[in-house]
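The values are calculated or read from the model by the stated rules, or taken from the named source; none is laboratory data. Please read these numbers as outputs of a predicted model, since none were measured by experiment. Note: ideal-geometry Cβ built from the backbone for every residue, glycine included; neighbour counts use all protein chains shown.
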Amino acid sequence: VIASAPWLRLSFMPPPWKVKLALAIGKLWPNFAMSSGLDASQPLAHDTTHMDNLPERHLSHTQISAKLGAEALTHGAEVLARAAEFRYPLFIFHGSEDHIMNPDGSREFYLAAGSADKTLKVYPELYHEVHNELPERRGEVLADIVAWLDARA
């Protein structure tokens, strides 16, 4: 399993009232969209030119459905609590400066995972989308992924 900045723990915590609202509305009106709390001025990667030219750029926004937000918060904690049950080969990679998903969630899962074959790579100074960073750093990330796969092929 290869996981890039998995949704295990947010880098910021939504206000308690918003979490309660998402949990309640998510059951009654799952498509209800609300602000995710993300700062749109914070880039997902340092290579903003590359990011702006991606064909699906419009899918990146600061809205989230109540159901997705509630489920992700609930299940991220559950996944961390059950990490010892995970026994598959694992490569988690994360940017140290990710302002969306906290790298500590990846570290916690990695340390607790029951897999004997596990790798964690936290890339210094990179943001959330490490595979979309500046070319030299993007190449480093992609080379690490290929090397991890090659070692298991």
Would you tally the residues in the range 63-99 being surrounded by 12 or more Cβ atoms within 10 Å (Cβ to Cβ), touching a residue at least 24 places away in the same chain (Cβ under 8 Å) and either aromatic (F, W, Y) or not in a helix (DSSP H, G or I) (or both)? 15
Near pairs, Cβ below 6 angstrom, 6+ apart or cross-chain, from the range 100-115 (over 14 Å from Y88 (Cβ atoms) and touching a residue at least 40 places away in the same chain (Cβ under 8 Å)) to any residue that is of a type in the set (V, I, T) and surrounded by 21 or more Cβ atoms within 10 Å (Cβ to Cβ): S106/I92
Candidate set: the range 51-85, residues that are at pLDDT 90 or above and in contact with a helix residue (DSSP H, G or I) (Cβ under 8 Å, 6 or more places away or on another chain); chosen: the one nearest to P6 (Cα to Cα): G76
Only one of (1) within 30 Å of D52 (Cα to Cα); (2) free of Cβ contacts under 8 Å to residues at least 40 places away in the same chain; (3) among the hydrophobic types (A, V, I, L, M, F, W, C) is not met by V141, so which one is it? (2)
Based on what the data block shows, is E140 under 19 Å from W7 (Cα atoms) and among the acidic types (D, E)? no
State which residue is modelled with the lowest pLDDT when the search covers only the range 24-41 and only residues that are under 17 Å from E129 (Cα atoms) and either of a type in the set (D, E) or exposed (fewer than 12 other Cβ atoms within 10 Å of the Cβ) (or both). S41
Would you tally the residues in the range 100-139 being out of contact with any His (no Cβ under 9 Å at 6 or more places or on another chain), among the charged types (D, E, K, R), surrounded by 16 or more Cβ atoms within 10 Å (Cβ to Cβ) and farther than 23 Å from S36 by Cβ? 1
Tally, over the range 106-148, of residues that are modelled with pLDDT of 95 or more, of a type in the set (S, T, Y) and outside any helix (DSSP H, G or I): 3
